[in-house]
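The values are calculated or read from the model by the stated rules, or taken from the named source; none is laboratory data. What you see is a predicted model, and the numbers here were worked out from it, not measured in a lab. No Cβ is skipped: glycine too gets one built from the backbone with ideal geometry, and neighbour counts run over all protein chains shown. Note: areas computed on protein heavy atoms with side chains; ligands, DNA, RNA excluded. Shrake-Rupley method; radii C 1.70, N 1.55, O 1.52, S 1.80 Å.
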Amino acid sequence: PFDVLIVGGGPAGAAAAVYAARKGIRTGVASERFGGQVLDTLGIENFISIKETEGPKFAHALEEHVRDYDVDIMNLQRAKALVPGNDLIEVQLESGASLKSKSIIISTGARWRNINVPGEHEFKNKGVAYCPHCDGPLFKGKRVAVIGGGNSGVEAAIDLAGIVGHVTLIEFDTALRADAVLQRKLKSLKNVDVFTNAQTTEITGDQKVNGLVYKDRATGELKKVELEGVFIQIGLVPNTDWLKGVVELTKHGEIVVDARGQTSVPGVFAAGDVTTVPFKQIIIAAGDGAKAALGAFDHLIRTSAP
Ligand code: FAD
């Protein structure tokens, strides 16, 4: 059995693996896609000490760093169930295999919810974006839309309005759902238009995004907005389906963790985008993975027989 078994090989899982292995304990990482969301990222400019890099390159560097240590890396493995136990906790894999460990770190990350309209997929990283903190500066002075009028959409619109030339916020419902204080702030901004009761039907473009079409749901009329970027903010979905009923989750499906990354199940820790830790970013997930590994190590020295 492992001392620490990490499920998920994104920035959080990779950092946890390095920190655990450096304690000289038996460490394994099982993941579906080593690198995680970073593999889908074009440019990264906000990982401190690396001024500029590309997602796949960064993902490769994560794996190289982990391979420098005595870590059992199990790629293309998808976990389907977690079975808590007294001494050993079990992780069952889709492949039918099962892994046992004295402690577990869950770092299965999250995924942005897609809007599934024509153009979204074609223009990903060519004007279609999901993360204002990451990609906002690429649209400096340009026109963008934000789709989604919940807290994250309205926060994104406020954030982007300070960088880009103009923001169009599009909400499907008849009213925004964001907190009143955010809505007040949004209304005070001169370079923001808000359309409610509006259904995005298409993102248009040639090589890159050049516009967006929405349907005015009151009249049924189709309207076109010319712009260079579209930020989709209709939710971030944590990859926790396999943990329901076993580990405490919030109503949004995030794993509830304490300051050390401990979950509701003794010996089970979690880190990164899959947890309640706010602000989903690479550097935050990596720091969080390091913290969970130290949390798990601390748990082991208190509970394992000498
Ligand atoms: P993830 O990166 O999501 O990794 C999750 C890991 O778990 C993967 O290995 C996955 O295969 C695995 N996994 C999932 N489910 C299972 C399962 N059931 N069994 C086994 N393995 C599983 N952040 C920045 O800081 N800067 C940026 O410029 C930036 N740009 C981004 C651009 C895009 C397009 C996207 C999508 C995100 C971007 N982010 C950026 C956010 C950043 O990528 C995430 O915050 C970060 O990757 C989170 O790391 P994580 O390790 O928590 O999870």
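The table that follows gives values for the structure above.
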| item | result |
| --- | --- |
| Sole exception among (1) assigned to a strand (DSSP E or B); (2) open to solvent by less than 40 Å² (accessible area, probe 1.4 Å) for D193, by number | (2) |
| Selected residue [of a type in the set (G, A, S), surrounded by 21 or more Cβ atoms within 10 Å (Cβ to Cβ) and under 30 Å from I48 (Cα atoms)] from A259, A296 | A296 |
| Matching option when the condition is loosely packed, with under 14 Cβ neighbours inside 10 Å and of a type in the set (D, E), among E254, E226 | E226 |
| Count of residues meeting criterion [in contact (Cβ under 8 Å) with a residue 40 or more places away in the chain and part of a loop (DSSP other than H, G, I, E, B)] in region 217-237 | 6 |
| Near pairs, Cβ below 7 angstrom, 6+ apart or cross-chain, from region 32-47 (within 6 Å of the ligand (Cβ to nearest atom)) to any residue that is of a type in the set (F, W, Y) | V38/F58; I44/F58 |
| Subset of region 37-78 that is in contact with a Ser or Thr (Cβ under 9 Å, 6 or more places away or on another chain) and polar (S, T, N, Q) - its residue that is surrounded by the most Cβ atoms within 10 Å (Cβ to Cβ) | Q77 |
| Any chance L212 is over 26 Å from F47 (Cβ atoms), open to solvent by less than 30 Å² (accessible area, probe 1.4 Å) and part of a strand (DSSP E or B) | yes |
| Odd one out for A198, checked against (1) out of contact with any Ser or Thr (no Cβ under 8 Å at 6 or more places or on another chain); (2) open to solvent by less than 60 Å² (accessible area, probe 1.4 Å); (3) touching a residue at least 40 places away in the same chain (Cβ under 8 Å) | (3) |
| Candidate set from region 75-120 (those that are closer than 14 Å to V7 by Cα and basic (K, R)); member that is nearest to the chain's Cα centre (by Cα) | R78 |
| Tally of residues being touching an Asp or Glu at 6+ places or on another chain (Cβ under 7 Å) and hydrophobic (A, V, I, L, M, F, W, C) across region 100-117 | 2 |
| Contacts under 7 angstrom Cβ, first residue in region 278-306 being closer than 18 Å to D258 by Cα, partner open to solvent by 40 Å² or more (accessible area, probe 1.4 Å) and within 12 Å of the ligand (Cβ to nearest atom), 6 or more apart | K280/L236 |
| Spans of strands (runs of 3 or more DSSP E) in region 80-126 with at least 1 residues farther than 26 Å from T250 by Cβ and either open to solvent by less than 60 Å² (accessible area, probe 1.4 Å) or modelled with pLDDT under 95 (or both) | 98-106 |
| Selection status of E90, free of Cβ contacts under 8 Å to residues at least 24 places away in the same chain and within 9 Å of the ligand (Cβ to nearest atom) | no |
| Any hit, region 196-208, residues being assigned to a loop (DSSP other than H, G, I, E, B), of a type outside the set (A, V, I, L, M, F, W, C) and in contact with a helix residue (DSSP H, G or I) (Cβ under 8 Å, 6 or more places away or on another chain) | no |
| Residue list for region 128-149, restricted to those being open to solvent by less than 10 Å² (accessible area, probe 1.4 Å) and in a loop (DSSP other than H, G, I, E, B) | G148, G149 |
